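The values are calculated or read from the model by the stated rules, or taken from the named source; none is laboratory data. Keep in mind it's a predicted model, so treat the numbers as computed, not measured. Reconstructed Cβ throughout: ideal geometry from the backbone, glycine too, with neighbour counts over all protein chains shown. Remember, those area values only see protein heavy atoms, side chains included, never the ligands or the DNA or RNA. Shrake-Rupley method; radii C 1.70, N 1.55, O 1.52, S 1.80 Å.
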Amino acid sequence: MKLFTYISQKLFLFSVMLSLIVTGSVYGKSKYVTVGTGGLTGVYYPTGGNIAKIINKKKKEYGIRMSVESTAGSVYNINALMSGDLDFGIAQSDRQYQAVNGLAEWKKKGPQKKLRAICSFHSEAVTLVAASKSKIGSIDGLKGKKVNIGNPGSGQRGNAVDVLDTAGLSWKKDIRAESLKASEAPKMLQDGRIDAFFYTVGHPSGAITEATSGREKVKFVDITGMDNLLKKYPYYTKTKIKVSDYPTVTNKKDVDTVGVTATFVTSADTPDDVVYAITKELFENLEPFKKLHPAYAQLTKENMLKGISAPLHPGAAKFFKEAGLMK
Ligand code: GLU
């Protein structure tokens, strides 16, 4: 009997050890990290996939395994980083600024002190897409129309509200606002269930291709008259949407609008060596990375250090100093 107990105890210990080895938590030293992105038809989701592709190639060297999660967007990602539910996230530069300074969505909660920046990616245009038959020619034309401003948790919702506000329209009173995810909006527009939608996104993106290539004719609406917005908020810049990115859209000329930048963020709790390794691999593989999505066409190492308002994560700062990108 004693021998039996002894053997079963040993067997139990053995199986515990084995499972620890398999999951890598003891001997494999694998670190599992997750990056929060956005909807499947945006640019954040493929961007997360591209970062993961680069870092997972070196899993033997660093022991890092990155997985990608489709999420509600920028605001969700920042909140999930702060609660420890995500390790990395992609977020609009305006959302990064607001979170760090305790503004907008973070007014009640206050400054998000643990938010850390790594770098910037592509620029994102505040994109207003309308059904041609809705005859919406400007922001003003949205009055009384059914307009998707975006789901709570997304980055675009705040941009839509800002733009409407600057044009003197209240999103609560002057339009019939919907709170759909960006991935749902193109079909709703094609089906005639909404007249227009806002999406802050890099171009080209799957969602806009979907919205503009259906049976229903679709156009971009210029977002102009935004001088007050540009003066009031440091993170907006003027930008254009190239119509050549969407061959079936009815616009003939490139579209004027305002934009922000997609940024890569993490938490102060993410270990320095993990952030260092990811930053290094990303920057040292920038050329192959740029080939993975046309929205990255303008990326350079230097401009990837712009558009940041949270403190740099020490792991990223260490790499930038070594690479001579920062003093
Ligand atoms: N800018 C959007 C957001 O913050 C996401 C865009 C994308 O997924 O590419 O929610």
Using θ = phi - 60° and Karplus 6.51 cos²θ - 1.76 cosθ + 1.60, couplings along the stretch 126-132 (whole Hz; Gly, Pro as x): 6, 10, 10, 10, 10, 5, 4
Measure up Lys114/Lys301; Lys60/Lys107; Lys146/Lys242; Lys108/Lys187; Lys58/Lys108; Lys108/Lys181 against 31 Å on the Cα-Cα distance and list the ones that go over. Lys60/Lys107; Lys108/Lys187; Lys58/Lys108
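Using just the helices of the chain, give the 222 nm mean residue ellipticity in deg cm²/dmol: DSSP H runs with n ≥ 4 each add -39,500 (n - 2.57), and the total is spread over all residues, rounded to 500. Each step should come with its number before you reach the end.
Numbers: 12 runs with 114 residues, N = 327.
Calculated from helices alone, the mean residue ellipticity at 222 nm is -10000 deg cm²/dmol.
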Once amide H atoms are placed 1.01 Å from N in the peptide plane, what residues at a sequence separation of 5 or more from Tyr32, or on another chain, have their amide H within under 5 Å of its amide H? Arg65
Whichever aspartates and glutamates have a C-alpha closer than 13 Å to that of Lys232, once near sequence neighbours (fewer than 8 apart) are set aside: Asp94, Asp162, Asp165
Mean Cβ neighbour count within 10 Å, used as a protection proxy, ranking 280-286, 137-143 highest first: 280-286, 137-143
Which percent of the accessible heavy-atom area of the chain goes to carbon and sulfur, probe 1.4 angstrom? 54 percent
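By average Cβ neighbour count within 10 Å, what is the ranking of 230-243, 301-314, 156-169 from highest down? Intermediate values should be presented prior to the final figure.
Details: 230-243: 15.4, 301-314: 18.0, 156-169: 21.3.
The peptides rank, most packed first, as 156-169, 301-314, 230-243.
With a probe of 1.4 Å, find how much accessible area the chain has per residue, and write the answer as a whole number in Å².
On a per-residue basis, 49 Å².
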Across the stretch 133-141, in residue order, what do the Karplus-derived ³J(HN,Hα) couplings come to in whole Hz, using 6.51 cos²θ - 1.76 cosθ + 1.60 with θ = phi - 60° and x for Gly and Pro? 5, 6, 6, 7, x, 7, 4, 3, x
When Rg is the radius of gyration of the Cα atoms in the stretch 161-253 and Rh is its Kirkwood radius, what does Rg/Rh come to? 0.96
Enumerate the helices in the chain for which the Kyte-Doolittle hydropathy averages 0.5 or more and the C-alpha atoms extend at least 24 Å along the helix's axis, using complete DSSP H runs. 2-23
Choose one of Leu180, Ser123, Ser93: the residue whose Cα lies farthest towards the positive end of the charge dipole of the chain (beta-carbon charges +1 Lys, Arg; -1 Asp, Glu; about the Cα centre). Leu180
Considering amide H positions built from the backbone, and no H for Pro or chain starts, which residues 5 or more places from Glu124, or on another chain, come under 5 Å of its amide H? Val260, Thr261, Ala262
Quick check: Cα centre of the stretch 30-102 to Cα centre of the stretch 249-327, how many Å? 13 Å
If you wrap the chain's Cα atoms in a convex hull and average its projection over all directions, what's the area in nm²? 21.0 nm²
Sorted on mean Cβ neighbours within 10 Å (highest first), peptides 247-256, 316-325, 63-72 come out as 63-72, 316-325, 247-256
Rounded if a/c is under 1.5, else prolate if a/b beats b/c, else oblate: with a ≥ b ≥ c from the C-alpha gyration tensor eigenvalues square-rooted, which is the stretch 141-208? oblate
Largest first and to the nearest Å, give the Cα extent of the stretch 169-327 along each principal axis. 53, 34, 29
